[in-house]
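Visitor: Have a look at the structure that comes next, please.
The values are calculated or read from the model by the stated rules, or taken from the named source; none is laboratory data. Just so it is clear, the structure is predicted and the values come from calculations on it, not from any experiment. Reconstructed Cβ throughout: ideal geometry from the backbone, glycine too, with neighbour counts over all protein chains shown.
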Amino acid sequence: MVLNGRKARGEVLSIALANDGQHQDTGAKMIHNADETSSNIISKSISIGNGRSSYRGMVHIPEHLRGCKNNTECDALLINTNSRTDTFPAITVRGNGNSVQHEASVSKLSAEQIFYMMQRGLSEGEAMSLSVNGFVNDLMKHFPMEYSVELKRLIDLEMEGSVG
């Protein structure tokens, strides 16, 4: 995304699900070309089985610009020990007077957490689905309701299929 006008704003919200044998290679580019522009990138990925997810992000703020802001968040959830994730940020900020934040986190689905939910009456698939939906919930609230419902169904199907 190229931000050309003064005070232009750009936002990329993404969720990737890499199932067994898949490699989801996602990312976003934000190029600031005017003063006081702002950009926000939030990316979440889930890797299941031998699935692999990669995030490639680029933020560029040239030296002559002032008052530009960027926030980039890359969060990954690994469902088991064979799943994998990578993050490749490329952030270039020239000059002063600009603000850039970058955060990346990797979490692994806890066997203790799944066990706890199973002791409360959930199946293993339901417990995994609940955990994954909780991981993406803060991002899903920004999507249209129809997308959120379909994404929840997809996660439920994938989690039920990954058990066993």
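Visitor: Considering only residues of the range 1-59 that are more than 16 Å from the chain's Cα centre (by Cα) and of a type in the set (Asp, Glu), which is nearest to VAL100 (Cα to Cα)?
Guide: GLU36
Visitor: Please work out if LYS44 is under 25 Å from LEU130 (Cβ atoms), in a strand (DSSP E or B), charged (D, E, K, R) and not assigned by TED's automatic domain parsing to the domain that holds LEU157.
Guide: Working: under 25 Å from LEU130 (Cβ atoms): yes; in a strand (DSSP E or B): yes; charged (D, E, K, R): yes; not assigned by TED's automatic domain parsing to the domain that holds LEU157: yes.
Taking the combined requirement at face value, the residue satisfies it.
To keep it simple, each residue is scored yes or no on (1) hydrophobic (A, V, I, L, M, F, W, C); (2) in contact with a strand residue (DSSP E or B) (Cβ under 7 Å, 6 or more places away or on another chain); (3) within 25 Å of ASN19 (Cα to Cα).
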position	(1), (2), (3)
GLU36	no, no, no
SER39	no, yes, no
SER45	no, yes, yes
ARG56	no, yes, yes
VAL59	yes, yes, no
CYS68	yes, yes, no
GLU73	no, yes, yes
LEU77	yes, yes, yes
THR81	no, no, yes
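Visitor: Here is a further query. Failed condition for GLY97, given (1) in a strand (DSSP E or B); (2) touching a Cys at 6+ places or on another chain (Cβ under 9 Å), with all others met?
Guide: Evaluating GLY97 over (1) in a strand (DSSP E or B); (2) touching a Cys at 6+ places or on another chain (Cβ under 9 Å) leaves (1) as the failure.
Visitor: For ASN50, indicate whether it is touching an Asp or Glu at 6+ places or on another chain (Cβ under 9 Å), modelled with pLDDT under 95, in a loop (DSSP other than H, G, I, E, B) and surrounded by 15 or more Cβ atoms within 10 Å (Cβ to Cβ).
Guide: Here the answer is yes, as ASN50 does meet what is asked.
Visitor: Testing GLU11 on (1) at negative phi; (2) touching a Cys at 6+ places or on another chain (Cβ under 8 Å); (3) among the charged types (D, E, K, R), one condition comes back false. Which one is that?
Guide: Condition (2) is where GLU11 drops out.
Visitor: Is it fair to say ILE114 is under 20 Å from VAL2 (Cα atoms) and without any contact (Cβ under 8 Å) to a residue 60 or more places away in the chain?
Guide: On the way: under 20 Å from VAL2 (Cα atoms): no; without any contact (Cβ under 8 Å) to a residue 60 or more places away in the chain: yes.
Against the criterion (under 20 Å from VAL2 (Cα atoms) and without any contact (Cβ under 8 Å) to a residue 60 or more places away in the chain), ILE114 does not qualify.
So that you can scan it fast, the table gives a plain yes or no per residue for (1) farther than 24 Å from ARG52 by Cβ; (2) assigned to a strand (DSSP E or B); (3) out of contact with any Cys (no Cβ under 6 Å at 6 or more places or on another chain); (4) not hydroxyl-bearing (Ser, Thr, Tyr):
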position	(1), (2), (3), (4)
ASN71	yes, yes, yes, yes
ALA76	no, yes, yes, yes
SER129	no, no, yes, no
GLY134	no, no, yes, yes
LEU139	no, no, yes, yes
SER148	yes, no, yes, no
LYS152	no, no, yes, yes
LEU157	no, no, yes, yes
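Visitor: Just the residues that are touching a Leu at 6+ places or on another chain (Cβ under 8 Å), crowded, with 20+ Cβ neighbours inside 10 Å and within 22 Å of PHE143 (Cβ to Cβ), please, taken from the range 16-40.
Guide: LEU17, MET30, SER39
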